[in-house]
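Worksheet: the structure to be examined is printed underneath.
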Amino acid sequence: MKTSLFTDRIFNRRLLICILTGFSSGLPLYILINLFAAWFHSAGIDLKTIGLLTLIQLPYTWKFLWSPLCDRYSLGIGRRRSWMLLTQLGLLAILPIFGWLSPQDDLRLIIGLAVAVAFLSASQDIAIDAFRRELLHESEQGLGSVIHVNAYKLASLIPGSLSLVLADHVSWQVVYSVTALFMLPGIALSLCMTEPVTSVYAPKTLRAAIVEPFHEFFQRQGLKNALLILAFIFLYKLGDTMASALLTPFYLDLGFSKTEIGIVAKNAGLWASIAGGIFGGVWLVYIGLNRALWIFGLLQALVILGFAWLATTDHSLGSLALVIALESFGMGLGTAAFVAFVATTTHPVYAATQFALFTSLAATPRTLANALAGYFVEGGDISVFSVVLFHINALGWQHFYWLCFALALPGMLLLFYIAPWHKTAKGFAEGE
């Protein structure tokens, strides 16, 4: 009986759907992060410019502004499925175009299309996060988040591994066309699956879709606790997201080829992500969300130091694989616990807007800090309209990753208030 119950919790249709939605959600973001960085670096674009190009990810930060539309309106095949399918088709249409452009000659057009990709991808995330929140039972939110996060990270192997290997042998037209085809499984899922029952209870007016998610959250949590939760969401992933901002240029600067990065580094990350998913799911269920936030958060901070070590050690493939494996395992665990926390903090009826608000807060430091990452490594003046605001001294790769480690600590300190070690996490039902 216990075996049957465990099997039903792990191997059911709802959790299997999380694999495909997680993959479809992660693919466009990793194209912007991994494939774009390698593409621009190969075209001779400097690190500071590559770092600033992360600002094209701002739609991930501001997606809460249009998320009420996804809560309020349906486009004909269900409130969540409609937005998922529309954004996925848009991504499939735009992504192959990049292969016909040159970072040196078509920079403005590339930036415009990249912003469109970020907007569509962020909108897809709104719909998928809300769909997952409504699809899963309350007891499945933690495990479902672990599965989603690992499938999300698994998607990085396409632009970060397969596409890089292809780039050493074929044209960028072929690379981007092949990469775009991996949106097809998500499109097929959006066409075939059914809408969650909870999705029927949509806000009656656009005003209700905008106001009620915020009113409900602050009323349920109280002002002080709500503000602490928002601060925690802002800071918890700051260190590791900044550490991952320039990983591909970092590996290239160490002397590794794109093929070595694609095969060795990314595949080392694959197996570590799978292991992190298995252990993370079991640990999260066994020790509870609060303790998982502590343990996984500490691990995601410590693995950052592996990059500082890699910057000073011999540049062997074994060292690279070890650091990547630890990074994928530790950061994957931290993200899984974080997404589980966000999921249990949202109200199912207002899942799109509340999820978008929380994940936008998490994306804000990623976007802004990543834009400065190249300056921290190489140094330079930060200026607006030719007016120098301040100067950043070059840290180099090693000290840059020590800085990232330090930035991971403030979010951990907030756990004393947000998720005390000896208390049980409160889900939506308990927080009402």
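Specify the residue that is surrounded by the fewest Cβ atoms within 10 Å (Cβ to Cβ); the eligible residues are those in the stretch 34-86 that are among the charged types (D, E, K, R) and either under 22 Å from Ile210 (Cβ atoms) or under 19 Å from the mean Cα position of the chain (by Cα) (or both). Step through it out loud before you land on a result.
Filtering the stretch 34-86 for residues among the charged types (D, E, K, R) gives 46, 48, 63, 71-72, 79-81.
Then keep just the ones that are either under 22 Å from Ile210 (Cβ atoms) or under 19 Å from the mean Cα position of the chain (by Cα) (or both); that gives 63, 71-72, 79-80.
Details: Lys63: 27, Asp71: 29, Arg72: 19, Arg79: 24, Arg80: 30.
Among those that are among the charged types (D, E, K, R) and either under 22 Å from Ile210 (Cβ atoms) or under 19 Å from the mean Cα position of the chain (by Cα) (or both), it is Arg72.
Considering only residues that are polar (S, T, N, Q) and touching an Asp or Glu at 6+ places or on another chain (Cβ under 8 Å), look in the stretch 254-307 and name the one that is nearest to Thr344 (Cα to Cα).
Residue satisfying both the conditions and the ranking: Gln300.
Of all residues in the stretch 148-175, which are closer than 14 Å to Gly22 by Cβ and in a helix (DSSP H, G or I)? Steps first, answer last, please.
Applying the first criterion (closer than 14 Å to Gly22 by Cβ) to the stretch 148-175 yields 148-158.
His148, Val149, Asn150, Ala151, Tyr152, Lys153, Leu154, Leu157, Ile158, listed by residue number.
Can you pull out every residue in the stretch 119-153 that is surrounded by fewer than 24 Cβ atoms within 10 Å (Cβ to Cβ) and closer than 20 Å to Phe98 by Cα?
Selection gives Phe119, Leu120.
Please determine, by comparing only the residues of the stretch 205-241 that are in a loop (DSSP other than H, G, I, E, B) and in contact (Cβ under 8 Å) with a residue 24 or more places away in the chain, which one is farthest from Ile324 (Cα to Cα).
Of the stretch 205-241, the ones in a loop (DSSP other than H, G, I, E, B) are 205, 222, 236-237.
Next, only the ones that are in contact (Cβ under 8 Å) with a residue 24 or more places away in the chain stay: 205, 236-237.
On the way: Thr205: 48, Tyr236: 21, Lys237: 18 Å.
Filtering the stretch 205-241 for residues that are in a loop (DSSP other than H, G, I, E, B) and in contact (Cβ under 8 Å) with a residue 24 or more places away in the chain, the one farthest from Ile324 (Cα to Cα) comes out as Thr205.
Please verify whether Gly239 is of a type outside the set (Asp, Glu) and either within 19 Å of the chain's Cα centre (by Cα) or modelled with pLDDT under 85 (or both), treating the condition exactly as stated. Explain how you work it out, then say what you get.
Values: of a type outside the set (Asp, Glu): yes; either within 19 Å of the chain's Cα centre (by Cα) or modelled with pLDDT under 85 (or both): yes.
Criteria met by Gly239.
Could you check the stretch 74-86 and list, in sequence order, the residues that are at pLDDT below 80 and either under 20 Å from Arg207 (Cβ atoms) or not in a loop (DSSP other than H, G, I, E, B) (or both)?
If the condition is that a residue be at pLDDT below 80 and either under 20 Å from Arg207 (Cβ atoms) or not in a loop (DSSP other than H, G, I, E, B) (or both), then Ser74 is the only one that fits.
Is it the case that some residue within the stretch 93-106 is within 20 Å of the chain's Cα centre (by Cα) and more than 25 Å from Thr353 (Cα to Cα)? It would help to see each step written out before you state the result.
Taking the stretch 93-106 first, the residues within 20 Å of the chain's Cα centre (by Cα) are 95.
Next, only the ones that are more than 25 Å from Thr353 (Cα to Cα) stay: 95.
Yes, the stretch 93-106 has at least one match.
Looking at the stretch 21-59, which of its residues are of a type in the set (Gly, Ala, Ser) and not in a helix (DSSP H, G or I)? Steps first, please.
The first filter runs over the stretch 21-59 and keeps only residues of a type in the set (Gly, Ala, Ser), leaving 22, 24-26, 37-38, 42-44, 51.
Ala43, Gly44, listed by residue number.
Only one of Ser156, Ser102, Ser171 is in contact (Cβ under 8 Å) with a residue 40 or more places away in the chain, closer than 22 Å to Ile50 by Cβ and buried (at least 23 other Cβ atoms within 10 Å of the Cβ); which? Break it down into steps so the answer makes sense when it comes.
Details: Ser102 fails: buried (at least 23 other Cβ atoms within 10 Å of the Cβ); Ser171 fails: buried (at least 23 other Cβ atoms within 10 Å of the Cβ).
The match here is Ser156.
Which condition number in (1) of a type in the set (Gly, Ala, Ser); (2) farther than 19 Å from Asn34 by Cβ; (3) modelled with pLDDT of 95 or more is the one that Ser190 fails?
Status for Ser190: all satisfied but (3).
Which residue out of Thr367, Thr335 is assigned to a helix (DSSP H, G or I), polar (S, T, N, Q) and closer than 30 Å to Val211 by Cβ? Can you show your working first?
Values: Thr335 fails: closer than 30 Å to Val211 by Cβ.
Result of the check over Thr367, Thr335: Thr367.
Would you confirm, using the coordinates I've provided, whether Ser145 is assigned to a helix (DSSP H, G or I), in contact with a Pro (Cβ under 8 Å, 6 or more places away or on another chain) and among the hydroxyl-bearing types (Ser, Thr, Tyr)?
Numbers: assigned to a helix (DSSP H, G or I): yes; in contact with a Pro (Cβ under 8 Å, 6 or more places away or on another chain): no; among the hydroxyl-bearing types (Ser, Thr, Tyr): yes.
The answer is no for Ser145.
Take Ser360 and tell me if it is over 20 Å from Gly51 (Cβ atoms) and out of contact with any helix residue (DSSP H, G or I) (no Cβ under 7 Å at 6 or more places or on another chain).
Values: over 20 Å from Gly51 (Cβ atoms): yes; out of contact with any helix residue (DSSP H, G or I) (no Cβ under 7 Å at 6 or more places or on another chain): no.
No, not satisfied.
Assigned to a helix (DSSP H, G or I), surrounded by 23 or more Cβ atoms within 10 Å (Cβ to Cβ) and in contact (Cβ under 8 Å) with a residue 24 or more places away in the chain: is that true of Gly90 in this structure?
Numbers: assigned to a helix (DSSP H, G or I): yes; surrounded by 23 or more Cβ atoms within 10 Å (Cβ to Cβ): no; in contact (Cβ under 8 Å) with a residue 24 or more places away in the chain: yes.
Considered against the rule, which asks whether it is assigned to a helix (DSSP H, G or I), surrounded by 23 or more Cβ atoms within 10 Å (Cβ to Cβ) and in contact (Cβ under 8 Å) with a residue 24 or more places away in the chain, Gly90 comes out as no.
Considering Leu184, Leu189, which residue is surrounded by fewer than 18 Cβ atoms within 10 Å (Cβ to Cβ) and assigned to a helix (DSSP H, G or I)?
Details: Leu189 fails: surrounded by fewer than 18 Cβ atoms within 10 Å (Cβ to Cβ).
Matching residue, one of Leu184, Leu189: Leu184.
If a residue has to be surrounded by fewer than 17 Cβ atoms within 10 Å (Cβ to Cβ), part of a helix (DSSP H, G or I) and not aliphatic (A, V, I, L, M) to count, how many in the stretch 289-312 make the cut?
Matching residues across the stretch 289-312 total 1.
Any idea which residue in the stretch 242-288 is surrounded by the most Cβ atoms within 10 Å (Cβ to Cβ), counting only those that are outside any helix (DSSP H, G or I) and hydroxyl-bearing (Ser, Thr, Tyr)?
Ser244
The values are calculated or read from the model by the stated rules, or taken from the named source; none is laboratory data. Since the structure is predicted, the reported quantities are computational estimates derived from the model, not experimental observations. Because the Cβ atoms are built from the backbone with ideal geometry, glycine has one as well, and the counts that use them run over all protein chains shown.
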